[in-house]
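One structure below.
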Amino acid sequence: MSDEGYSLEELMALIRKFVQDRDWEDFQKPSALAVSASIEMGELLERFQWLSHKEIADLLKDDRYRESIADEIADVIVYMLRIADTTGIEPTSAILRKLKKNEEKYPVDVWRGKIPDKIRKKKLMTR
Ligand SMILES: [Mg+2]
């Protein structure tokens with residue numbers, strides 16, 4: 001897997017230029033971007049709806065299905081990077097800081113192979 005050599009900051013700059021070239025900055029306020037990111041996440045979920053893990057794994061061998069998943073992942077990430085850009089939050093630092101918080105919250109020696117009870121209970125309630 002390749003990331004094509006771009007940093008998150010470079011991708012943010014490319015996306016910012018795309019927006020500026022179209023004079024869309026006034027439309028792209030953080031709340032509108034968050035709504036859009038959520039809609040794009042819905043589009044991603046729609047491609048998984050009612051499918052088993054096995055069916056999804058099989059479908060991912062199909063180039064058209066795989067590309068549709070990649071497109072929705074890109075849509076979500078683009079909007080998330082725009083939110084970071086328009087709020088002045090540096091995404092790499094935010095991710096690293098949050099990972100550190102999660103490491104402290106879920107130490108490996110306690111949580112390896114386990115999921116928090118809250119999630120487990122929700123899963124049981126939906127069966
Ligand atoms: Mg989309």
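No lab work stands behind these numbers, since they all come straight from the coordinates. Everything numeric in this text was worked out from a predicted model, so none of it was measured. Using ideal geometry, Cβ is built from the backbone for each residue, glycine included, and neighbour counts are taken over all protein chains shown.
What to note about this one:
- Entry note, the chain: the mean residue ellipticity at 222 nm calculated from DSSP H runs of n ≥ 4, each adding -39500 (n - 2.57), is -23500 deg cm²/dmol after division by the residues and rounding to the nearest 500.
- C-alpha long axis of helix 30-48 to longest principal axis of the chain, angle in °: 50 degrees
- As a calculated quantity, the FRET efficiency between ARG22 and LYS98 at R0 = 35 Å, using C-beta atoms, amounts to about 0.65.
- Here the chain yields Rg over Rh of 1.02, to two decimals, using C-alpha coordinates and the Kirkwood radius.
- For the range 55-127, the spherically averaged projection of the C-alpha convex hull amounts to 7.8 nm².
- Principal axis analysis of the Cα atoms in the range 1-48 yields extents of 35, 31, 15 Å, listed in decreasing size.
- The ARG66 and LEU14 beta-carbon pair, evaluated with R₀ = 22 Å, returns a calculated FRET efficiency of approximately 0.45.
- For GLN28, no residue 5 or more places off, or on another chain, has a built amide H under 5 Å of its own.
- Compared with the dominant principal axis of the Cα atoms in the chain, helix 8-21 is inclined by about 50°.
- Computed from the C-alpha gyration tensor, the three semi-axes of the ellipsoid equivalent to the range 14-85 are 29, 13, 8 Å, from longest to shortest.
- Converting phi to 3J(HN,Hα) with the Karplus coefficients 6.51, -1.76 and 1.60 and the offset θ = phi - 60°, the range 90-102 yields 7, x, 5, 5, 4, 5, 5, 5, 5, 4, 4, 4, 5 Hz in sequence order, with x at every glycine or proline.
- The charge dipole of the chain, taken about the Cα centre with unit charges on the Cβ atoms of Lys, Arg (+1) and Asp, Glu (-1), comes to about 1180 debye, rounded to the nearest 20.
- Of the chymotrypsin sites (Phe, Trp or Tyr not before Pro) found in the range 25-127, those in coil by DSSP whose Cβ has at most 15 other Cβ atoms within 10 Å are TRP50.
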